[in-house]
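Here's the structure we're looking at; comments come further down.
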Amino acid sequence: MVGVMDDQYMKLLKIKELYGHIMKMVVLEWVGLSQIQLLIKKKFGIHNIEVLVGQEALNTGAGKNMAANGRDPFAGDLDYITISTLNTLNPATSTKDNGINFLSYFGRAIYNLHDKYYLTGVLRRDGSSRFGSESRFGIFPAFSAAWRISEESFMKDLPWVTDLKIRGGYGTMGNSNNVDPGNQFSLYAQNLGNSVYDISGTNGGIAPGYTQTRIGNPGAKWETSVTQNIGFDGTFLKSRLEIVFDLWRKNTKDLLYRLPITQTAGEATPPFVNVGTMLNQGVDVQVITRGNLVKDVKYELDLTASFLHNEITEIGGGLTYLQDVNPGFRGVNPVRNQLGLSLSSFLWIQSTRFVPVS
């Protein structure tokens, strides 16, 4: 996509005209997405098989921003004002964004026997330019199984059970959003106070040098969540009652966090490293009931309840709490992300008694 910001440009011209200042901006942007999928479905008597394979490539948005500005136009007519005809010109500036690249290969297979027994397997291989070449790709498998027990012959003596399916699963999922693409690179820059020196000792000039501003970590890898769940979907009393129950557990490992470094390492920004783990587990319940109050009046009630336990189980680096992500105000930090507690826990001062002050 290529375009000029016409509406904003004209708005800037009209506003800046009062101050004798003109600005023009051109934005070039491109977003790319390609996806290929192959789906095969086949039925062999009581056997049903479905296989899906695919590939996906994505660039979140590459582009360039170019801007120029100046002041003191020779005339006030907008139709005759250009950047090149301004009396005073400022240097043009530009920025470039390469976007984030993703490349994924995936496959899924579903098998069911007589519409009673179900098996599903999924395998993904995801790559992201946020990571270095050492660990750019991650492999994430998942599988699940289900049993429609209401189709069994021994359930026929329970007419109040309309449909009942027991299910369970295990799966892994990757996350790359918590790290900057530049985390894999070490950066160096010139600094008048830190990287120049009169190395010849003449007191007549200085030799420029470079100092490290960021420590790279090409070994950073995907955060991985491992999820396990078991539950059932039930319909009872001729569909007048539905119950959905889930018991689940999610362990997230290799969480990316920027650990503090010693002062002897200099003033460079430390990299994000895979050091943290976190636990989430809980129970989800949904109950739906429906029916007729009178002949032409129907009702439906939906009740949902969830119980969640969240805990930071590892931070790394010998730390007991995250040092730079604890919200605060005027030096007070009532919220802390601490080992053994849930995310964003509130801290309170415990007191055994109050001492009156006269």
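The values are calculated or read from the model by the stated rules, or taken from the named source; none is laboratory data. Note that the structure is a prediction, hence the values are computed from the model and not measured. Don't worry about glycine lacking a Cβ; one is built from the backbone with ideal geometry, like all the others, and counts go over all protein chains shown.
Considering every residue within segment 287-302, establish whether at least one is aliphatic (A, V, I, L, M), within 30 Å of residue 194 (Cβ to Cβ) and either in contact with an Asp or Glu (Cβ under 8 Å, 6 or more places away or on another chain) or modelled with pLDDT of 95 or more (or both). Among the residues of segment 287-302, not one is aliphatic (A, V, I, L, M), within 30 Å of residue 194 (Cβ to Cβ) and either in contact with an Asp or Glu (Cβ under 8 Å, 6 or more places away or on another chain) or modelled with pLDDT of 95 or more (or both), which makes the answer no. Within segment 199-209, being outside any strand (DSSP E or B) and exposed (fewer than 12 other Cβ atoms within 10 Å of the Cβ) holds for 199, 200, 201, 202, 203, 204, 205.
Taking the criterion of being among the basic types (Lys, Arg) and closer than 30 Å to residue 253 by Cα, would at least one residue in segment 58-76 satisfy it? Walk me through it before giving the result.
Step one: list which residues in segment 58-76 are among the basic types (Lys, Arg), which gives 64, 71.
Remaining after also requiring closer than 30 Å to residue 253 by Cα: none.
Looking for residues that are among the basic types (Lys, Arg) and closer than 30 Å to residue 253 by Cα, one finds none in segment 58-76, hence no.
Are any residues in segment 110-124 farther than 12 Å from residue 54 by Cα and of a type in the set (A, V, I, L, M, F, W, C), and if so, which ones?
Looking only at segment 110-124, we keep the residues that are farther than 12 Å from residue 54 by Cα, and these are 110-121.
Matches in segment 110-124: 110, 113, 119.
Going through segment 190-249 one residue at a time, which ones are touching a Leu at 6+ places or on another chain (Cβ under 7 Å) and not polar (S, T, N, Q)? Residues satisfying the conditions are 214, 220, 223, 230, 231, 232, 234.
Kindly indicate whether any position in segment 81-100 is surrounded by 14 or more Cβ atoms within 10 Å (Cβ to Cβ), part of a strand (DSSP E or B), in contact with a Gly (Cβ under 9 Å, 6 or more places away or on another chain) and among the small types (Gly, Ala, Ser). For segment 81-100, residues surrounded by 14 or more Cβ atoms within 10 Å (Cβ to Cβ), part of a strand (DSSP E or B), in contact with a Gly (Cβ under 9 Å, 6 or more places away or on another chain) and among the small types (Gly, Ala, Ser): absent.
If you check 183, 194, which single one turns out to be more than 30 Å from residue 241 (Cβ to Cβ), touching a residue at least 24 places away in the same chain (Cβ under 8 Å) and in a loop (DSSP other than H, G, I, E, B)? Even if it seems obvious, please write down each step before you answer.
Details: 183 fails: in a loop (DSSP other than H, G, I, E, B).
Only one candidate passes the filter, namely 194.
Could you please let me know if residue 238 is part of a loop (DSSP other than H, G, I, E, B), within 34 Å of the chain's Cα centre (by Cα), within 30 Å of residue 248 (Cβ to Cβ) and touching a residue at least 24 places away in the same chain (Cβ under 8 Å)? So residue 238 does not fit the description; no. Answer yes or no: is there a residue in segment 142-152 that is of a type outside the set (D, E, K, R), touching a Phe, Trp or Tyr at 6+ places or on another chain (Cβ under 8 Å), at pLDDT 95 or above and farther than 25 Å from residue 112 by Cα. Scanning segment 142-152 turns up no residue that is of a type outside the set (D, E, K, R), touching a Phe, Trp or Tyr at 6+ places or on another chain (Cβ under 8 Å), at pLDDT 95 or above and farther than 25 Å from residue 112 by Cα. Within segment 185-198, the presence of a residue that is exposed (fewer than 13 other Cβ atoms within 10 Å of the Cβ) and under 30 Å from residue 251 (Cβ atoms) is excluded.
Would you be able to say whether some residue in segment 218-228 is in a loop (DSSP other than H, G, I, E, B), modelled with pLDDT of 90 or more and charged (D, E, K, R)?
Yes, segment 218-228 contains at least one residue that is in a loop (DSSP other than H, G, I, E, B), modelled with pLDDT of 90 or more and charged (D, E, K, R).
Restricting segment 156-193 to residues that are touching a strand residue (DSSP E or B) at 6+ places or on another chain (Cβ under 9 Å) and of a type in the set (Asp, Glu) leaves a set whose member that is nearest to residue 132 (Cα to Cα) is 180.
Taking residue 265 as the residue in question, decide whether it is of a type in the set (A, V, I, L, M), touching a Ser or Thr at 6+ places or on another chain (Cβ under 6 Å) and surrounded by fewer than 16 Cβ atoms within 10 Å (Cβ to Cβ).
No.
What residue, among those in segment 47-71 that are among the charged types (D, E, K, R) and modelled with pLDDT of 80 or more, is farthest from residue 122 (Cα to Cα)?
First pass over segment 47-71, keeping only residues among the charged types (D, E, K, R): 50, 56, 64, 71.
Right, trim to modelled with pLDDT of 80 or more and you get 50, 56, 64.
On the way: 50: 12, 56: 15, 64: 38 Å.
Looking at residues that are among the charged types (D, E, K, R) and modelled with pLDDT of 80 or more, I get 64.
Exactly one residue out of 74, 44 is surrounded by fewer than 12 Cβ atoms within 10 Å (Cβ to Cβ), of a type in the set (Phe, Trp, Tyr) and at pLDDT 90 or above: that is 44. In the condition set (1) at pLDDT below 95; (2) of a type in the set (Val, Ile, Thr); (3) more than 30 Å from residue 35 (Cα to Cα); (4) in contact with a helix residue (DSSP H, G or I) (Cβ under 8 Å, 6 or more places away or on another chain), residue 100 is compliant with all but (3).
Specify which of the listed residues (325, 294) is of a type in the set (Val, Ile, Thr) and surrounded by 13 or more Cβ atoms within 10 Å (Cβ to Cβ). Give the steps one after another, and end with the answer.
Numbers: 294 fails: surrounded by 13 or more Cβ atoms within 10 Å (Cβ to Cβ).
After applying the criteria, what remains is 325.
With respect to the conditions (1) more than 30 Å from residue 190 (Cβ to Cβ); (2) surrounded by 16 or more Cβ atoms within 10 Å (Cβ to Cβ), residue 220 lacks only one, and its number is (1).
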